[in-house]
There are 2 protein chains.
Amino acid sequence: MAKFDIEISEVGPRDGLQSISAIMSTADKMAWIDALVAAGIPEIEVGSFVPATVLPQLADTHQLVEHAKQYKGLSIAVLVPNLRGAQNALKTSPTKMSIPLSVSETHSLRNVKRTHKQMLEEVANIAQFIKSLPVENRPKFEGGLATAFGCTIEGSVSEDKVVSLAVALMEAGCDEIGLSDTTGSGNPAQVQRLIKKVWAEVGKKNLSGIHLHNTRGQGLANALAAIETGITTVDSSMGGIGGCPAAPGASGNIVTEDLVFMLEAMGLRTGINFDKLFEAREILAKALPNEPLYGFTPNAGLPKGFKYA
Amino acid sequence: MAKFDIEISEVGPRDGLQSISAIMSTADKMAWIDALVAAGIPEIEVGSFVPATVLPQLADTHQLVEHAKQYKGLSIAVLVPNLRGAQNALKTSPTKMSIPLSVSETHSLRNVKRTHKQMLEEVANIAQFIKSLPVENRPKFEGGLATAFGCTIEGSVSEDKVVSLAVALMEAGCDEIGLSDTTGSGNPAQVQRLIKKVWAEVGKKNLSGIHLHNTRGQGLANALAAIETGITTVDSSMGGIGGCPAAPGASGNIVTEDLVFMLEAMGLRTGINFDKLFEAREILAKALPNEPLYGFTPNAGLPKGFKYA
């Protein structure tokens, strides 16, 4: 029997910190990662291999991967924007490496100055580079479909395009696909529909994860919809940090603490302990004293009589 | 074809304002109700017939019912705690009248100083009083099962007790049952299970509504679970005001604005217009300048390309 029914992938150290102008010290990040691991978080996206000139907040990602390696069984995930980033990332042997491909080509051009064709070539080059490594050093290589539920520039996004790009990413050599609601535009019906459409073309085992933002408060409802459909890995961030700084007042990623409460209360095991999770939140709060932390469960506490799944 | 798929019952003027120490002026309340009606809200719980010494915030409920009567087709709901409250309420002929019965007897004793048996007798007396009225003056009489998903004093609540009290309320003369997650303890699996259990004993048509709190951030996910199960009326409050003042930092009721976004985006018609809904929120914000308003959709705005159901 697996250790958990739903795997939480904590993306705060990457998606959270990249959206915050304050730079968290490497020591604080390590203490936070240690506390997340102690709480039972099975996967942590520790950072991104982008130039430090672009995201100085994440310049120490290689150190964090090395630090996290002491935890056997922890899945250490990183994000890379291109081949060069991947080559840098692979020097540290992470467990999982994701590259985002924006379904909105306008967004892709504006964000990474690449067309879909160019991005798919980059993905193929990365996949080839991975194959040149010894098997034990090859990470799981994920193609993350960004803006899969809508784009702030293009507006609604064609579901057929999501599906065809998912197929193209698998053909280019990805091991699996992820769906990202980058703009927090998605709704539960759309989440269920899109997962099923992608599964029909790439197979259920090749899409297991979803990345949701809470821009319009739909995060947990969308997560529920995804889990009901059969998704088994959900990204979230402690305190909901990160996400979309363009939407004032909007928390970014879905909140790890509230997500874990939902799952455990529903009877779905996450392997996570709340006391230790709230301790990790304290570490985060102290390290980022000027950032609002979202989430209700840490304030309200667990209901009287609460039982883990 | 019905005007909407899901009926939003706005409980802000009652459940919201009763939790706030500031007293909103009657004129402000009327302007807010007017704006809610203009936005297309089909049901508004305008207040509660409790003694003004207990809830001075709601002392003008009778005036609000009279004011709201100008809107043909609007369902005007009120809450009553007992027979005396019901008799006062019925002088104004509301469309719907609810009485809460706490599934946790400890909570009932502490809150209204009555056992279940005493409350059921009160309900029967109210039902008899309603029958003495001309048919056109009889409201729909709802028994609201409070703390149906957990109690802050007793902890977890027996689902069999919820079901047996639902049956007892129907036998005492209620027209329908409502389920309330008073303490915000519920989770989606529990919501679906409990609705089905109550339906099995009282019939689907006699339980159509649910009242959820967002104490642990589960509000919209629980609403989604209820709607998927077949619930067609959902209580919510503008800006999430109200709910559980005991949980600091916790928004109270689920947020009307985010709920309506979820439903319309999913293709479920609510009859509500966002521009006018946000105008109503402005009125509320001005009337309660010191109260935090929750909800993400008003800040983020609708996604580009958004279409109503």
- Sorted by average packing, counted as other Cβ atoms within 10 angstrom per residue and highest first, what order do A:14-23, A:229-238 take? A:229-238, A:14-23
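Could you estimate the translational diffusion coefficient of the protein assembly as shown from the Stokes-Einstein equation, with Rh from the Kirkwood formula over C-alpha pairs, at 10 °C and 1.306 mPa s, in whole µm²/s?
Working: Rh = 25.3 Å.
After rounding, the answer is 63 µm²/s.
Size of the dipole of segment B:7-300 about the Cα centre, Lys and Arg at +1 and Asp and Glu at -1 on the beta carbon, nothing else charged, in debye to 20?
On the way: 25 positive and 31 negative charges, 113 e Å.
In total the dipole reaches around 540 debye.
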- Item | Minimum 10 Å² accessible area buried by the other protein chains, segment A:205-237 residues, probe 1.4 Å, relative to alone | A:ASN214, A:THR215, A:ARG216, A:GLY217, A:GLN218, A:LEU220, A:ALA221, A:LEU224, A:GLU228
- Item | Residues whose placed amide H lies under 5 Å from that of B:LYS140, excluding near-sequence neighbours | B:LYS96, B:MET97
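Give the carbon-plus-sulfur fraction of the accessible surface of chain A in %, rounded to a whole number; probe 1.4 Å, heavy atoms of protein chains only. Don't jump to the answer; show the numbers that get you there.
Details: 6030 of 11620 Å².
Percent of accessible area from carbon and sulfur atoms in chain A: 52.
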- Relative contact order for chain B: what is it in percent, counting Cα pairs under 8 Å that are at least 6 residues apart? 20
- Which residues of segment A:138-156 end up with at least 10 Å² less accessible area in the presence of all protein chains than when their chain stands alone, using a 1.4 Å probe? A:THR152, A:ILE153, A:GLY155, A:SER156
- Task: Anything losing 40 Å² or more of accessible area from the isolated chain to the full protein assembly: pick those residues out of segment B:273-304, probe 1.4 Å, ligands and DNA/RNA ignored.
- Result: B:PHE296, B:ASN299, B:ALA300, B:PRO303, B:LYS304
- Given a 1.4 Å probe, how much area per residue of chain A is accessible, in Å²? 38
- Among the trypsin sites (Lys or Arg not before Pro) within segment B:46-130, which fall in a DSSP loop and have no more than 14 other Cβ atoms within 10 Å of their own Cβ? B:LYS69, B:LYS72, B:LYS91, B:LYS113
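Can you give the convex hull volume per residue for the Cα atoms of segment A:210-309, as a whole number of Å³?
Measuring per residue, one finds 98 Å³ for the Cα hull of segment A:210-309.
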- Amide H contacts of B:ILE254 (H built 1.01 Å from N, under 5 Å, at least 5 apart or other chain): B:LEU212, B:ASN214, B:SER237
- Query: Around B:CYS151, which amide H atoms from residues at least 5 apart in sequence, or from another chain, sit under 5 Å from its own amide H, with H modelled in the peptide plane?
  - Reply: B:SER156, B:VAL157
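Against the empirical 2.2 N^0.38 Å scaling, what ratio does the C-alpha Rg of segment A:7-300 come to? Kindly include the intermediate steps, with their values, before the conclusion.
On the way: Rg = 17.5 Å, N = 294, 2.2 N^0.38 = 19.1 Å.
The reported ratio for this selection is 0.92.
Segment B:1-113: D in µm²/s via Stokes-Einstein (Kirkwood Rh, Cα pairs, 20 °C, 1.002 mPa s)?
Rounded to a whole number, D works out at 146 µm²/s.
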- Message: Using a 7 Å offset from the Cα along the Cα-to-Cβ direction at both A:LYS197 and A:GLN118, what is the distance between the two label points in nm, to one decimal?
- Response: 2.7
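Scan chain A and note any complete DSSP helix (H) whose C-alpha atoms cover at least 27 Å along its axis and whose Kyte-Doolittle average is 1.6 or more.
On the way: long enough: none.
Span-like helices, by this rule, are absent here.
Once you have the Cα-Cα distance between A:GLU136 and A:SER21, take 0.36 nm times their residue separation minus that, and quote the gain in nm to one decimal. Don't jump to the answer; show the numbers that get you there.
Details: separation 115, 0.36 × 115 = 41.40 nm, distance 3.63 nm.
Stretched out fully, the A:GLU136 to A:SER21 stretch lengthens by 37.8 nm.
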- Query: At 222 nm, what helix-only mean residue ellipticity would chain A give, in deg cm²/dmol to the nearest 500, using -39500 (n - 2.57) for each DSSP H run of four or more?
  - Reply: -12000 deg cm²/dmol
- Take the alpha carbon atoms of segment B:1-71, find their center, do the same for segment B:177-208, and report the distance between the two centers in whole angstrom. 25
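Semi-axes, largest first, in whole Å: what does sqrt of 5 times each Cα gyration tensor eigenvalue give for segment A:73-191?
Numbers: eigenvalues 130, 45, 30 Å².
They are 25, 15, 12 Å, listed from largest to smallest.
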- Message: Give me a comma-separated list of calculated 3J(HN,Hα) values for segment B:233-242, in order, Karplus coefficients 6.51, -1.76, 1.60 applied at θ = phi - 60°, integers in Hz, x for any Gly or Pro.
- Response: 10, 10, 6, 7, 10, 4, x, x, 5, x
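Chains A and B: how much accessible area gets covered up at their contact, both sides added, probe 1.4 Å, in Å² to the nearest hundred? Can you show the working numbers first?
On the way: alone 13070 and 13080 Å², together 23250 Å².
Rounded to the nearest hundred, the buried surface is 2900 Å².
The values are calculated or read from the model by the stated rules, or taken from the named source; none is laboratory data. This structure is a prediction, so every number in the text was calculated from the model and none was measured. Quick reminder, even Gly has a Cβ in these numbers, built from the backbone with ideal geometry, and neighbours come from all protein chains shown. Side chains are part of the model used for accessible areas, which takes the heavy atoms of the whole protein and leaves out ligands, DNA and RNA. Shrake-Rupley method; radii C 1.70, N 1.55, O 1.52, S 1.80 Å.
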